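In what follows, a single structure is set out as structure tokens and then discussed.
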Amino acid sequence: MAYEALSRQRAEELKGKARVRILALETSCDETAAAVVENGRRILSNVVFSQIDLHALYGGVVPEIASRAHMEACSRVVDEALREAGLSLGDVDALAVTKGPGLVGALLAGVNCMKGLAFAAEKPLVGVNHIEGHVSANYLSHPDLAPPFLCLVVSGGHSHLVSVEDYGDYRLLGRTVDDAAGEAFDKAARVLGLPYPGGPRIDALAEEGNPDAFSLPKPKTEGRYDYSFSGLKTAFLNLCHGMEQKGEVLPKADLAAVFRRAVCTELAEKARLLLRDRAAEGRAPRAMALAGGVSANRELRRCMQAMCRREGVPLYLPEIPLCTDNGAMIASAAYFRLLRGETAPLSMNAEPALRLV
Ligand code: KG4
Ligand code: ZN
């Protein structure tokens, strides 16, 4: 039987199975990560091989270096995930891989690796949207969380307010019109001379600073739930350069705290508008969740917690290690797609500009 027919048949058989274990690989950016997850909720292993050291020298991710490093690390990381889970390839029920969005060469390394394994082991394969993976990290941290809920997705490339209508069914309510929140953090960190990756560094430094030391303009957008961070970034750059030109030593902790406060206030403010509007329409959401690398930000977690408490809506936060890129979130997203009979053909390609909605 051809692989595709066999894969569909196997996926169909899994629908009645009490325990479905998925081995997933994530290679969209600078982490080679693999994990085994049971029933989309229980992590059996989660291995992350970070390439930070390889890219730090260049101040950012170098795509060619990333692709090569993924190719070299893929099978080792996959083997380690299986070993940590105490399983062999034959024991898992299906495979999953991030198909986009991300760096094309990096994605291709993962997609090709998993297509080869799926074909050889005659297992169904699921191609996963990376952003859907970030949202699904919440299913791992919170076994009680199920759609519908609202989610603020904040990563290096995305700042989206989405309505999660059902597993795999999203509606876009707001988005950044220019920079993503993570990108803004990374650029601001560079201005302060902090090494890559800047987001976590600026977050740590900001803990010691005074967020009221300076003021930055409030971003303006046309869309009610849209974001804009490029004006904030430019104002921050001008503030720092102005001080440097006057020969002042940059008060880095204060500057980090001011920038972090501005970004997080804006993120929480638009989410608050959305919650208020929904409540006024008699459609108060059951829950709000955070997702993506920036959801590890301490100030954002505090701001969102305080805001959601005031609005009376439960807030779900992924555990810190599940905020940034990992394989477990991809396995979780794949599980809910597999249950609906979604499997990928061997012709599946990387889709660098894949959208969530
Ligand atoms: O979700 P992610 O791991 O990769 C993408 O899908 O983009 O997000 C990475 C982004 C980077 O911009 C990184 O600087 C940012 O998330 N980030 C943070 C923090 N941890 C990661 N930004 C602010 N505070 C943090 N603690
Ligand atoms: Zn990511």
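Between E80 and D277, the modelled label-to-label distance comes to 4.4 nm, taking each label 7 Å out from Cα in the direction of the beta carbon. Considering only S230, S67, S347, give the residue with the highest GNM mean-square fluctuation for the chain, with springs between Cα atoms whenever their separation is below 10 Å. Answer for the Gaussian network model of the chain: S347.
Treating r as the C-beta distance of V249 and E13 and R0 as 51 Å, the FRET efficiency rounds to 0.15. Placing a pseudo-label 7 Å from each Cα along the Cα-to-Cβ vector at E122 and I52 gives an inter-label distance of 4.4 nm.
By how many degrees, between 0 and 90 and to the nearest 10, does the Cα long axis of helix 252-280 differ from the longest principal axis of the chain? That works out to roughly 70 degrees. Diffusion coefficient (Stokes-Einstein, Kirkwood radius over C-alpha pairs, 4 °C, 1.567 mPa s) for the range 216-357: 70 µm²/s, rounded to a whole number.
Here the Gaussian network model covers the chain, with springs between Cα atoms less than 10 Å apart; of N297, N238, N39, N238 fluctuates the most. Taking only the Cα atoms of the range 145-320, the ratio Rg/Rh comes out at 0.99, with Rh defined as the Kirkwood radius. Think of each Lys and Arg Cβ as +1 and each Asp and Glu Cβ as -1; about the Cα centre, that makes the dipole of the range 207-326 roughly 460 debye. Evaluate the Debye formula for the range 160-239 with equal point scatterers sitting on the alpha carbons, no solvent, and hand back log10 of I(q)/I(0) at q = 0.20, 0.26 Å⁻¹, in q order, two decimals. Scattering profile of the range 160-239, log10 relative to I(0): -0.96, -1.22.
What does DSSP give for the chain in terms of the percent of beta bridges that are antiparallel, rounded to the nearest 5? Of all bridge pairs located within the chain, approximately 60 percent are antiparallel. Of H158, H142, H70, the residue with the greatest mean-square motion in the GNM of the chain, using alpha carbon springs below 10 Å, is H142. Angle of helix 181-191 to the longest C-alpha principal axis of the chain, folded into 0 to 90 degrees and rounded to 10: 50°.
Taking the protein heavy atoms of the range 145-320 in the context of the full set of protein chains, the accessible area attributed to carbon and sulfur is 49 percent at 1.4 Å. For the range 1-116, take every pair of Cα atoms, bin their distances at 5 Å starting from 0, and report each bin as a whole percent. Answer for the range 1-116: a P(r) of 2, 12, 20, 21, 18, 14, 8, 3, 2, 1, 0 percent. For the chain, the solvent-accessible area of protein heavy atoms averages 42 Å² per residue (probe radius 1.4 Å; ligands and nucleic acids excluded). The percentage of C-alpha pairs in the range 148-195 whose separation is greater than 12 Å is 64%. In the chain, the longest principal axis of the Cα atoms and the axis of helix 104-121 are about 20 degrees apart. Each Lys and Arg contributes +1 and each Asp and Glu -1, all at the Cβ; summed about the Cα centre of the chain, the dipole is approximately 780 debye. Rounded to the nearest 0.05, the FRET efficiency derived from the C-beta distance between S230 and R171 at R0 = 25 Å is 0.50. If you model the chain as an ellipsoid using its alpha carbon gyration tensor, with each semi-axis the square root of five times an eigenvalue, the axes come out at 37, 24, 16 Å, biggest first. In a reduced charge model with +1 at each Lys and Arg Cβ and -1 at each Asp and Glu Cβ, the range 290-357 shows a dipole moment near 280 debye about its Cα centre.
The values are calculated or read from the model by the stated rules, or taken from the named source; none is laboratory data. All values derive from a computational prediction rather than experimental measurement. Cβ sites come from the backbone with ideal geometry, for glycine too, and all protein chains shown count toward neighbours. The accessibility values were calculated without ligands, DNA or RNA, using every heavy atom of the protein model including side chains. Shrake-Rupley method; radii C 1.70, N 1.55, O 1.52, S 1.80 Å.
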